[in-house]
Structure formats: structure tokens, C-alpha cells
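Below: the structure, in C-alpha cells.
The values are calculated or read from the model by the stated rules, or taken from the named source; none is laboratory data. For clarity, every value in this text was computed on a predicted model and none was experimentally measured. Here the Cβ is made from the backbone with ideal geometry for all residues, glycine too, and neighbour counts use every protein chain on show.
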Amino acid sequence: MAFAQRNVSAGVNTGADPIKVMVVDDAVVIRGLLTRWLGEDKDLKVVSSQRNGKLAVEDIEKSNPDVVVLDIEMPEMDGLTALPLMLAKKRNLVVIMASTLTRRNAEISLKALSLGASDYVPKPESTSEVTTSIDFRRELVDKVKALGARAVRMRTPVRTMRAETRAGRTAQPTTRPASAAARPAVDTRASFRGAGQQAGAGGKFQLRPYASVRPRILAIGSSTGGPQALQEVMKEVGTAMNDVPVVITQHMPPTFTAILAEHMGKAALRPSKEGEDGEELKAGNIYVAPGGKHMTLEKEGGSVKIRLNDGPPVNFCKPAVDPLFDSVSKVYGSACLGIILTGMGSDGAGGVRTIAAGGGSVITQDEETSVVWGMPGAAAQTGMCSDVLPLKDIGPKISRVLKGNTR
């Protein structure tokens, strides 16, 4: 596996209701194994196990799962065909695609994300590898819990309001986040969409001023929900990227990152590829950290070059955001703009501190629009970000900052 996520306490369901899971896989051994792994966790309850997409679609309303772990290649109806049919039956259903690490399956997994799947888990190639892979088991359980916790929270308030109505009490309106323009603090208390990570005192985070110099590089870190978020950001930044290189670390395994880079290029209408060791950065180009390698930057003479290394995972991830951000700050100092988007864990929080210490600026995604508010929540809690924004506002803000306008 390219990375093994841990530290997902933000996604753990601590309420009384377990997260209800459906497992869909045509291989009886794999289906039984996943069912057993998930069933052994006290926060999870497997409510259905199906051998193909057709049976799964037919069972959605009866079993009413919060999360579906959906295989791609199955007889009668494959996962990609079943996905929109499932979502049509249950709008807030969380679907996690499960596929082996082939280019075709990676393409299908990323397409599934654009069709409404929440995430994916790459399966080892063979049944024997699946049964012995500790990383695969951990990633599967962690993602089901993190994404499923959001689904449980989304249905919990309905029961609470009904109970209060029966008791003769009036339900209070939900508190929504205050505008990020309010300085010096931003209120990020909001919906049930995030990972449930607790905010600082009063739910407010300190914000620091943007750097006074225009950025000469844009560095982005993301994980769960990242491919969709990255696409939206890349589309919105537009021509502001013409004068700076863009470097991205998205937690993904090999093969997936190459396809992600292609998708980023199509979204941004500019050159985009996996970074290569020794490659010189060029303005207007996008470079994605390849799965299974850490990507950093290094100044060499009058140019800046990419360095790849095969060191141990950082924050249980490889590639990791912290090494990239640390190196970006070292090379560019205050002329650095960092972005933390949706994702599990806390990778990137250390790099945010490094960028801030070097005089650079950081924008992080808010809780309400994050698929999982682990990484951006940890970044916000450092008190070193210049803005905590909804996803739709991040691209336009980046565009303005890259042009020298921080308002």
C-alpha cells in the first residue's frame, strides 16, 4: 500500500448508533473477510452482504446502510453501474469503491468519485495478499468509520428534533459558520458533514495576516475527498497559475496519482504530470507527488528542482504533505502559498507551522464542505492559517492572492 492512515479519532462514532455497512463483492472469500473485519469493530454493524451490484441495489431500502463498500468488477451488474442507482435510492449514502491497483480500475475509481462515490480503497492483487494485508484492513476500517460517522451525524438530528417536538420543546436553529472575513478569529462550528473533530475554545480559530509578498509557488495537500476538491480548485484558479508552479501531495497509491495528474491538467487546462526526480519546476505547470514516494523541492543554482525519496511514511502516509510543505518553505520563504483540503488524519499541520514560521500564507478548507475534516481541522487548530474557507471560495481566493490581492 502507498500509505496507511491512522489517527482517525475525528471520524470515530462515539454515539449510541453503530455505523451500518453493506459489503458488495462477488468473491465469497473476500466478502466474508471484509464482513468479519468490519463486524469486529464495536462502532460498525454489517447489515447486508451481497455478491453483485444488482442485488445490492435491490437491498438498499431494506437494509438502509450508512456506508457501502462496493467492488468494481462483478457479474450481472458491476460497481460503476450500481453506484448511481444506489445513490438515487438513498441520497446521503456513503459509497467506498474497492478495486485492485490496475490502471483500468484506478480510472474507474476516479470516475466513480465524480459520480458521487465518497472514496476508494485499493485492494491487493490476490486473495492471499488481501487476507494478510494489515494496511488494507486498517485503511478499510478507518475510512468506513471516518466517512460513516458523518452519515450517522446527518441522521441523528432528525430523531432529536422529533423527540423534542413530541416533548413540547422548540428545536433551536443550527449554528452555521461565521464569515472567514471576520478577523482575528473564524467560527468553524457547523454541520454534521465534517469529521467531528472538536474546535478550539468556543469553536474559534486564530487567523494570521497574509504575507505581504506575492506567492511564487502554490503547494496543496489533500487526502479523503481530495480528488473532487482538487478538481474544483483547479478549475477556479484559472490563469492566475500562469506565473507560478503548482505542487500537489494527494494521499494516493501508485497508478492513481498518474491518472490524478491527468485529471488536474484537464481541469486546469495546463500541463500536469507526476513529479520526476531532478525535474526543474516551470511556472504554469502542475506536479503531483507520485504514489509511494515523498516529493520535496530543492534549490539548485538559479532553479528549483523536484526530489523524490523512498523514505519511511510520514504521519503514516507516503507521499506525505509535511515533507513537501517543509521543503517549499525552505526554498520560497514568505513567497509561498499553502492549501490544505479535505482529508483524514493530521498530515500537513506540521508543514503549516513551517510555512507560517517562514512568513508564508496558508488557506484551509472549512468543516462544512470537507468530506472529512481531519487534515484541514488540524491545520486550522495551529492558529497559523490566513483563512478557513468553504471549498467554493478557495479557488477564487487563491486566484486573488496569486495576483497580489489578499482581500
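Within region 205-220, identify whether any single residue is surrounded by fewer than 16 Cβ atoms within 10 Å (Cβ to Cβ), over 15 Å from the mean Cα position of the chain (by Cα), under 26 Å from SER346 (Cβ atoms) and not β-branched (Val, Ile, Thr), and answer yes or no. Yes, some residue in region 205-220 is surrounded by fewer than 16 Cβ atoms within 10 Å (Cβ to Cβ), over 15 Å from the mean Cα position of the chain (by Cα), under 26 Å from SER346 (Cβ atoms) and not β-branched (Val, Ile, Thr).
Quick grid of which residues meet (1) under 22 Å from HIS251 (Cβ atoms); (2) outside the structural domain of GLY221 (by TED's automatic domain parsing); (3) not aromatic (Phe, Trp, Tyr):
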site	(1), (2), (3)
SER303	no, no, yes
ALA320	yes, no, yes
PRO323	yes, no, yes
SER334	no, no, yes
ALA349	yes, no, yes
TRP373	yes, no, no
LYS392	no, no, yes
ARG407	no, yes, yes
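Scanning region 13-25 for residues that are under 25 Å from GLU61 (Cβ atoms) and either surrounded by fewer than 16 Cβ atoms within 10 Å (Cβ to Cβ) or modelled with pLDDT under 95 (or both) yields ASN13, GLY15, ALA16, ASP17, PRO18. Residues of region 78-133 that are free of Cβ contacts under 8 Å to residues at least 12 places away in the same chain and not polar (S, T, N, Q): ALA88, ARG91, ARG104, GLU129.
The rows are residues; the columns are (1) of a type in the set (Val, Ile, Thr); (2) at pLDDT below 95; (3) in the same structural domain as THR100 (by TED's automatic domain parsing).
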{"position": "ALA190", "(1), (2), (3)": "no, yes, no"}
{"position": "ARG193", "(1), (2), (3)": "no, yes, no"}
{"position": "PRO209", "(1), (2), (3)": "no, no, no"}
{"position": "ARG214", "(1), (2), (3)": "no, no, no"}
{"position": "ILE217", "(1), (2), (3)": "yes, no, no"}
{"position": "VAL246", "(1), (2), (3)": "yes, no, no"}
{"position": "THR255", "(1), (2), (3)": "yes, yes, no"}
{"position": "LYS266", "(1), (2), (3)": "no, yes, no"}
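The residue list VAL288, VAL321, VAL304 contains one member that is closer than 15 Å to GLY351 by Cα and of a type in the set (Val, Ile, Thr), which is VAL321. Filtering region 92-107 to residues that are in contact with a strand residue (DSSP E or B) (Cβ under 9 Å, 6 or more places away or on another chain) and over 14 Å from LYS123 (Cα atoms) leaves LEU93, VAL94, VAL95.
Filtering region 38-85 to residues that are touching a Lys or Arg at 6+ places or on another chain (Cβ under 6 Å) and among the aliphatic types (A, V, I, L, M) leaves VAL47, ILE60, MET77. Name the residue that is nearest to VAL95 (Cα to Cα), counting only residues in region 347-383 that are among the hydroxyl-bearing types (Ser, Thr, Tyr) and surrounded by 24 or more Cβ atoms within 10 Å (Cβ to Cβ). The selected residue is SER370.
Would you mind listing the helices (runs of 4 or more DSSP H) fully within region 53-158 where at least 2 residues are crowded, with 16+ Cβ neighbours inside 10 Å? If you could, list the steps in order and put the result at the bottom.
Values: elements: 53-63, 79-89, 103-114, 127-132.
Because the criterion is at least 2 residues that are crowded, with 16+ Cβ neighbours inside 10 Å, the helices (runs of 4 or more DSSP H) in region 53-158 that meet it are 53-63, 79-89, 103-114.
On the stretch given as region 314-347, residues that are of a type in the set (S, T, N, Q) and under 20 Å from PRO290 (Cβ atoms) total 2. Can you name the residue in region 217-264 that is in a loop (DSSP other than H, G, I, E, B) and not β-branched (Val, Ile, Thr) and, of all such residues, is nearest to LEU337 (Cα to Cα)? For region 217-264, the residue satisfying everything is PRO245. Note on region 286-302: residues that are under 25 Å from the mean Cα position of the chain (by Cα) and either of a type in the set (Lys, Arg) or crowded, with 19+ Cβ neighbours inside 10 Å (or both) total 11. Taken as a whole, the structure leaves ALA267 outside the set of residues that are assigned to a helix (DSSP H, G or I) and surrounded by 21 or more Cβ atoms within 10 Å (Cβ to Cβ). Among the residues of region 234-244, those that are closer than 16 Å to LYS403 by Cβ and buried (at least 18 other Cβ atoms within 10 Å of the Cβ) comprise GLU236, VAL237, ALA240, MET241, VAL244.
Residue under question is THR102, and the condition is that it be at pLDDT 95 or above and either within 20 Å of the chain's Cα centre (by Cα) or in the same structural domain as VAL144 (by TED's automatic domain parsing) (or both); does it hold?
Values: at pLDDT 95 or above: no; either within 20 Å of the chain's Cα centre (by Cα) or in the same structural domain as VAL144 (by TED's automatic domain parsing) (or both): yes.
Spelling it out, it is not the case that THR102 is at pLDDT 95 or above and either within 20 Å of the chain's Cα centre (by Cα) or in the same structural domain as VAL144 (by TED's automatic domain parsing) (or both).
Tell me yes or no: at least one residue of region 291-310 is touching a helix residue (DSSP H, G or I) at 6+ places or on another chain (Cβ under 6 Å), modelled with pLDDT of 95 or more and among the charged types (D, E, K, R). Checked region 291-310: at least one residue is touching a helix residue (DSSP H, G or I) at 6+ places or on another chain (Cβ under 6 Å), modelled with pLDDT of 95 or more and among the charged types (D, E, K, R). For region 250-297, the candidate set comprises residues that are among the acidic types (Asp, Glu) and without any contact (Cβ under 8 Å) to a residue 24 or more places away in the chain; within that set, the residue that is nearest to ILE220 (Cα to Cα) is GLU274.
Okay, residues lined up against (1) over 19 Å from GLU139 (Cβ atoms); (2) of a type in the set (A, V, I, L, M):
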| site | (1), (2) |
| --- | --- |
| ALA258 | yes, yes |
| GLY265 | yes, no |
| THR296 | yes, no |
| LEU308 | yes, yes |
| ASN315 | no, no |
| ALA320 | no, yes |
| ASP326 | yes, no |
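Does region 257-280 hold any residues that are among the hydrophobic types (A, V, I, L, M, F, W, C) and touching a strand residue (DSSP E or B) at 6+ places or on another chain (Cβ under 7 Å), and which are they? Across region 257-280, the qualifying residues are ALA258, LEU260, ALA261, MET264, ALA268.
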